[in-house]
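Trainee: Next up is a structure, given as structure tokens.
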Amino acid sequence: MSTHPALERLRSILIESHALGSASALLSWDQETMMPKQGIEGRADVLAQLAGLAHERFVRAETAAALEQLEAARSDLDDDALAIARETRKDYDRATKVPKELVTAIAQAQSLGQDSWQRARAAADFAMFAPSLERLVDLKRAYAHAVNPNAEPFDVLLDDHEADMSTDFLDTLFSALKARLVPMVEAIASSAVVIDTGPLRRALPLEKQLAFARSVTAAMGFDDGAGRVDRSAHPFCIGIHPGDVRLTWRGQTDDLRPALYGLMHEAGHGLYEQGLPAAWVGTPLASAVSLGIHESQSRLWENMIGRSRAFWTAFLPRLKAAAPGVYDDVDVDAMTRAANEVEPSLIRVEADELTYNLHIVIRFEIERDLFRGRLRVRDLPEAWDAAYATLLGIRPPDAARGVLQDVHWSMGAFGYFPTYTLGNLYAAQFLERAREELGDLDGAIARGDFLPLRDWLRERIHRHGRKYPPRELVRRVTGRDPEIEPFLRHVESKFMPLYRG
Ligand code: ZN
């Protein structure tokens with residue numbers, strides 16, 4: 001581990017804003033799990049204060065001086081220290097290049113935007129939200145210009161969520177993906193096969209569902225000594241420290257899927273957070289590299305492992321033992337089928353593993369066109385509905401189930417959605433490589449032995465934090481750039497036999 005004096009100086013500065021961020025994370029977790037309802041206003045004030053303090057501690061002159069000193073010592077530094085310098089420079093530039101008035105204007109537009117989005121969605125009336133959205137698009141364009149006046153604005157926004165991604169690169173990737181997925185979805189939609197999801201929709205008390213889901217996360221290697229699980233309205237994972245990673249879940253008494261797959265998803269995120277190097281806490285080396293890589297970890301476990309035949313080979317007997325009598329008539333094939341229903345639908349968050357990506361392609365193309373000035377905000381509902389009709393063969397009956405369904409744009413989060421599909425693509429690439437390197441991975445999964453895979457992911461991905469940018473990380477792990485073929489091989493080999501009947 002590096003111990004250059006300039007590195008130590010920078011680190012002692014970074015640790016202060018990190019401590020404030022860590023306290024905020026714990027307070028946010030508390031807000032979603034434990035806090036009484038009337039605490040909301042007070043908590044919002046405290047979180048805003050802490051965010052302001054963390055920002056101030058980070059952007060002061062001492063940070064710049066320490067960073068410059070470290071950069072000047074470049075020839076003496078090892079790879080870890082060089083990565084810390086590179087990533088801190090990036091964070092520092094982002095935090096200081098945007099004028100304060102613009103930061104404030106964006107924060108105000110976000111809170112107004114969320115308010116008008118909520119009212120517009122309740123009334124299913126896009127026109128009520130359009131002025132706020134127009135303002136947010138303008139402000140985010142100004143933000144992108146402040147960060148990098150020479151770049152395409154949407155590239156800057158993408159880079160906030162997934163470093164080194166460009167609009168052109170995603171365009172190529174997603175167009176090719178779309179061209180292959182649409183015929184698959186059409187074939188499935190016109191197939192005579194109807195998947196019976198009944199085996200996963202049996203009545204089972206929530207405490208039994210949780211106990212079963214926790215036995216799965218234990219097999220995944222999620223360490224309860226370095227984490228915990230609580231209930232919340234929307235499941236999430238917060239990493240406060242690699243030794244303190246908190247997951248939440250929610251359940252439905254007549255459906256095992258939200259509890260089981262929701263918790264596997266969050267535990268996938270949690271394993272990443274537990275696998276970050278504690279020795280580097282406070283520096284970029286101890287944080288996740290990107291949303292796309294984070295999502296690859298959750299989706300790999302939830303969809304590629306959790307919905308596989310090998311998974312149910314190991315876990316159906318355990319489920320039967322945990323819930324005597326409930327699943328007597330169910331076999332491994334019936335359970336695997338039940339976990340893999342494909343159905344074109346309107347709502348992204350309810351979409352299956354296959355069609356989910358078309359929801360993302362639609363949002364990406366709309367955002368790209370908005371920021372390239374090819375689409376006006378007022379024409380958005382029409383563009384949205386047309387895209388759903390073309391790609392998924394269904395048309396939203398109203399704006400609430402169409403263009404107004406997601407909160408993200410009202411928060412000014414543009415360039416964020418693509419990270420979900422990138423996560424799916426990365427996950428398939430990683431898993432193919434893991435299969436090559438680990439030998440009989442499916443055999444191990446079918447025995448309930450997930451640790452070889454957990455350890456492989458830890459070694460190849462988790463422990464690096466932000467040492468390599470996401471695209472470089474994918475190349476280092478798989479030898480190739482992000483690509484669509486492994487994901488297509490995964491979905492074709494899984495769904496086509498199920499729907500061929
Ligand atoms: Zn996730």
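Trainee: Suppose we take every Cα in the range 240-279 and form the convex hull; what volume per residue is that in Å³?
Mentor: In the range 240-279, the Cα convex hull volume per residue is 43 Å³.
Trainee: If you don't mind, there's one more thing I want to ask. Quickly work out the Ala44-to-Arg231 label distance, labels modelled 7 Å from Cα along the C-beta direction, and quote it in nm with one decimal.
Mentor: With each label point 7 Å from Cα toward Cβ, the separation is 2.6 nm.
Trainee: Along its principal axes, what span do the Cα atoms of the range 5-150 show, with the longest given first and each in whole Å?
Mentor: Extents along the principal axes: 61, 43, 25 Å.
Trainee: For the range 386-501, I need the span (max minus min coordinate) of the C-alpha atoms along each principal axis, in Å, sorted largest to smallest.
Mentor: Dimensions of the range 386-501 along the principal axes of its Cα atoms: 49, 44, 26 Å.
Trainee: So for the range 150-232, Kirkwood radius off the Cα pairs, Stokes-Einstein at 10 °C and 1.306 mPa s: how many µm² s⁻¹?
Mentor: After rounding, the answer is 87 µm²/s.
Trainee: Additional query: What percentage of the solvent-accessible surface of the range 296-363, computed with a 1.4 Å probe over protein heavy atoms, is contributed by carbon and sulfur atoms?
Mentor: In the range 296-363, the share of accessible area belonging to carbon and sulfur is 48 percent.
Trainee: Okay, next question. How many Å³ per residue does the convex hull of the Cα positions in the range 124-198 occupy?
Mentor: Taking only Cα atoms, the range 124-198 has a hull volume of 181 Å³ per residue.
Trainee: Taking only C-alpha pairs under 8 Å that are 6+ residues apart, what is the relative contact order of the chain in percent?
Mentor: Relative CO of the chain lands at 20 percent.
Trainee: What whole number of Å gives the distance from the Cα centroid of the range 338-369 to the Cα centroid of the range 54-96?
Mentor: Centre-to-centre (Cα) distance: 39 Å.
Trainee: Right, another one. Over the alpha-carbon set of the range 319-458, work out the extent along each principal axis and list the three values in angstrom, largest first.
Mentor: The Cα atoms of the range 319-458 stretch 55, 38, 26 Å along the principal axes, largest first.
Trainee: Moving to a separate point now. Which whole-percent values make up P(r) of the range 201-308 when all C-alpha to C-alpha distances are grouped in 10 Å steps starting at zero?
Mentor: 16, 48, 28, 7, 1
Trainee: Right, something else. Using r as the Cβ-Cβ distance of Ala95 and Ala386, and R0 as 41 Å, what FRET efficiency do you calculate, to the nearest 0.05?
Mentor: The calculated FRET efficiency here is 0.55.
Trainee: Counting heavy atoms of the protein chains only and a 1.4 Å probe, report the per residue accessible area for the range 366-501 as a whole number of Å².
Mentor: 40 Å²
Trainee: Kindly flag which residue pairs out of Lys37/Lys90; Lys140/Lys467; Lys467/Lys494 have an alpha-carbon separation exceeding 30 Å in this structure.
Mentor: Lys37/Lys90; Lys467/Lys494
Trainee: So, one more: Between Leu102 and Glu68, what FRET efficiency follows from the Cβ-Cβ distance if R0 is 35 Å, with the result rounded to 0.05?
Mentor: 0.90
Trainee: Now a separate question. Using square roots of five times the C-alpha gyration tensor eigenvalues, list the equivalent-ellipsoid semi-axes of the chain in whole Å, biggest first.
Mentor: In descending order the semi-axes read 36, 29, 23 Å.
Trainee: Taking H as built 1.01 Å from N, whose amide H comes closer than 5 Å to the amide H of Gln252, not counting residues under 5 places away?
Mentor: HN-HN under 5 Å from Gln252: Ala259.
Trainee: Across the range 259-274, in residue order, what do the Karplus-derived ³J(HN,Hα) couplings come to in whole Hz, using 6.51 cos²θ - 1.76 cosθ + 1.60 with θ = phi - 60° and x for Gly and Pro?
Mentor: 5, 5, 6, x, 6, 4, 4, 5, 5, x, 4, x, 4, 4, 5, 5
Trainee: Determine the order of Lys140, Lys208, Lys90 by accessible area, beginning with the largest, at a probe radius of 1.4 Å.
Mentor: Lys208, Lys90, Lys140
Trainee: Determine ³J(HN,Hα), in whole Hz, for all residues of the range 398-403 in sequence, where each value follows from phi through the Karplus function 6.51 cos²θ - 1.76 cosθ + 1.60 and θ = phi - 60°; x replaces Gly and Pro.
Mentor: 7, 5, 5, 9, x, 4
Trainee: Determine the share of the range 5-150's accessible area contributed by carbon and sulfur atoms, expressed in whole percent, with a 1.4 angstrom probe.
Mentor: Carbon plus sulfur share of accessible area: 54 percent.
Trainee: Hey, can you grab everything whose amide H is under 5 Å from the amide H of Arg228? Only 5+ residues off in sequence or another chain; H modelled, so Pro and N-termini drop out.
Mentor: Under 5 Å from the amide H of Arg228 lie the amide H atoms of Val245, Arg246, Leu247, each far enough along the sequence or on another chain.
Trainee: Can you order the peptides 245-254, 422-431, 360-369 by their average number of other Cβ atoms within 10 Å per residue, highest first?
Mentor: Most protected by this proxy first, the peptides run 422-431, 360-369, 245-254.
Trainee: Spelling out what I want: for every residue of the range 316-326, take phi, set θ = phi - 60°, compute 6.51 cos²θ - 1.76 cosθ + 1.60 (Karplus), and round to whole Hz; glycine and proline get x.
Mentor: Per residue, the Karplus-derived 3J(HN,Hα) values read 5, x, 6, 5, 4, 5, 6, 9, x, x, 6 Hz.
Trainee: Okay, next question. Rolling a 1.4 Å sphere over the protein heavy atoms, what is the accessible area per residue of the range 93-155, to the nearest Å²?
Mentor: So the range 93-155 comes to 55 Å² accessible per residue, rounded to a whole number.
Trainee: Before anything else, pin down the relative contact order of the range 5-150: Cα pairs under 8 Å, at least 6 apart, normalised by residue count, whole percent.
Mentor: 23 percent
The values are calculated or read from the model by the stated rules, or taken from the named source; none is laboratory data. Quantities reported herein were computed from a predicted structural model and do not represent experimental measurements. Glycine also receives a Cβ, built like all others from the backbone with ideal geometry; neighbour counts cover every protein chain displayed. These accessible areas exclude ligands, DNA and RNA; they are computed on the full protein's heavy atoms, side chains included. Shrake-Rupley method; radii C 1.70, N 1.55, O 1.52, S 1.80 Å.
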